[in-house]
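Chemist: Got a structure here, written out as structure tokens. Questions coming.
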Amino acid sequence: MKRVTLPDGTDVPALGQGTWMMAEGRGDRAAEIAAIRAGIDHGMTLIDTAEMYGDGASEELVGEAIAGCRDGLFIVTKVLPSNASRIGTVKACERSLKRLGIDRIDLYLLHWRGGVPLEETVEAFETLIQAGKIARWGVSNFDVDDLEELAEVSDLHGCAVNQVLYNPEHRGIDYDLLPFQHTARMPVMAYSPIGQGGRLLRSPALLAVAKRHGATPAQVALAWALRQQGVIAIPKAGTTAHAIENAKAATLTLTGEDIAEIDKAFPPPKRKQPLAMI
């Protein structure tokens with residue numbers, strides 16, 4: 001499994017597991033837990049969740065899935081901007097820890113910008129680090145101007161990652177945010193890397209590339225994200241078969257011809273674009 005190095009020197013797998021819209025009644029709970037465990041068995045030991053997902057139900061699902069196998073895992077969760085005050089962040093973290101059934105979160109993210117000053121949220125994160133409740137912190141859905149503002153109140157090396165939407169359909173960050181983060185040595189964590197609703201996976205370009213490699217369009221989309229240095233992809237899988245399919249994407253290497261075909265179907269941005277979010 002390809003690894004990505006965080007600013008503090010910690011190595012994490014470039015391919016992890018997302019849990020958005022899990023534990024919300026859309027899928028079978030036992031199957032979702034089995035999928036997470038299968039992903040772990042296949043090297044996807046980074047697991048991402050958030051207090052917002054299912055009002056904490058996703059964190060509880062993750063907690064059940066990782067019970068008895070916490071060692072070696074890298075658990076990521078997020079605080080809502082409405083809870084991101086100096087006191088609110090600490091209380092939200094404690095609730096997340098309880099739902100997850102763990103005593104320390106490996107990476108705690110601000111889910112998106114809100115009304116609380118960044119300096120206050122960062123101070124709360126540092127308080128949680130000192131208390132041993134989180135190991136490191138980061139952000140999500142931040143554009144270049146947001147990171148520049150963050151740099152005014154904190155050393156950017158203290159920010160472990162920025163989690164943003166990134167896939168062939170939504171690649172605006174290629175223009176400025178990805179280069180900015182490369183320069184800052186801050187990894188990008190790509191959410192929804194295989195898109196939503198299946199439209200991306202019906203792309204003739206991805207289907208053609210997949211056929212050449214004996215792969216699936218989802219694996220091609222993941223390989224496309226992972227080809228970039230410093231990118232971590234966190235696809236969701238609701239079944240064991242889907243989790244194993246995702247894991248196999250880590251062994252897929254796209255050729256120059258493959259990349260050119262995808263670029264033709266989904267052209268790289270030529271100017272600044274608003275940060276895409278879902």
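The values are calculated or read from the model by the stated rules, or taken from the named source; none is laboratory data. Nothing here was measured: the structure is a model prediction, and the numbers come from that model. Using ideal geometry, Cβ is built from the backbone for each residue, glycine included, and neighbour counts are taken over all protein chains shown.
Chemist: How do the pairs read when you match residues in the range 248-273 that are in contact (Cβ under 8 Å) with a residue 24 or more places away in the chain and assigned to a helix (DSSP H, G or I) with residues anywhere that are surrounded by 14 or more Cβ atoms within 10 Å (Cβ to Cβ) and among the hydroxyl-bearing types (Ser, Thr, Tyr), using Cβ under 8 Å and keeping only pairs 6 or more apart or on different chains?
Modeler: Correct list of pairs: ALA265/SER203.
Chemist: Tell me whether the range 26-44 contains one or more residues that are over 21 Å from ASP103 (Cβ atoms) and in contact with a Pro (Cβ under 7 Å, 6 or more places away or on another chain).
Modeler: Looking through the range 26-44, at least one residue is over 21 Å from ASP103 (Cβ atoms) and in contact with a Pro (Cβ under 7 Å, 6 or more places away or on another chain).
Chemist: Another question, if that's okay. List pairs: first residue in the range 122-146 and within 21 Å of ALA190 (Cα to Cα), second residue assigned to a helix (DSSP H, G or I) and among the hydrophobic types (A, V, I, L, M, F, W, C) anywhere in the structure, Cβ distance under 6 angstrom, at least six positions apart or on different chains.
Modeler: Matching pairs, first to second residue: TRP137/PHE125; VAL144/LEU177; VAL144/PHE180.
Chemist: Checking ALA241 against (1) surrounded by fewer than 17 Cβ atoms within 10 Å (Cβ to Cβ); (2) at pLDDT below 95: exactly one of these is not met. Which one?
Modeler: Result: ALA241 fails condition (2) only.
Chemist: Please count how many residues of the range 169-187 are surrounded by 23 or more Cβ atoms within 10 Å (Cβ to Cβ) and touching a Phe, Trp or Tyr at 6+ places or on another chain (Cβ under 7 Å).
Modeler: Of the residues in the range 169-187, 1 are surrounded by 23 or more Cβ atoms within 10 Å (Cβ to Cβ) and touching a Phe, Trp or Tyr at 6+ places or on another chain (Cβ under 7 Å).
Chemist: Quick check on my filter: what residues within the range 134-192 are among the small types (Gly, Ala, Ser) and on the phi > 0 side of the Ramachandran plot?
Modeler: Across the range 134-192, the qualifying residue is only SER192.
Chemist: Taking the range 130-177 on its own, how many of its residues are modelled with pLDDT of 95 or more, in contact with a helix residue (DSSP H, G or I) (Cβ under 9 Å, 6 or more places away or on another chain) and more than 22 Å from GLY16 (Cβ to Cβ)?
Modeler: 10
Chemist: Looking at the range 206-220, is at least one residue in contact with a strand residue (DSSP E or B) (Cβ under 6 Å, 6 or more places away or on another chain), buried (at least 22 other Cβ atoms within 10 Å of the Cβ) and at pLDDT 95 or above?
Modeler: No, the conditions are met nowhere in the range 206-220.
Chemist: Now for a separate question. Could you grab me the full set of residues in the range 178-202 that are touching a helix residue (DSSP H, G or I) at 6+ places or on another chain (Cβ under 6 Å) and either assigned to a loop (DSSP other than H, G, I, E, B) or free of Cβ contacts under 8 Å to residues at least 12 places away in the same chain (or both)?
Modeler: Listed by number, the residues that qualify are PRO193, ILE194.
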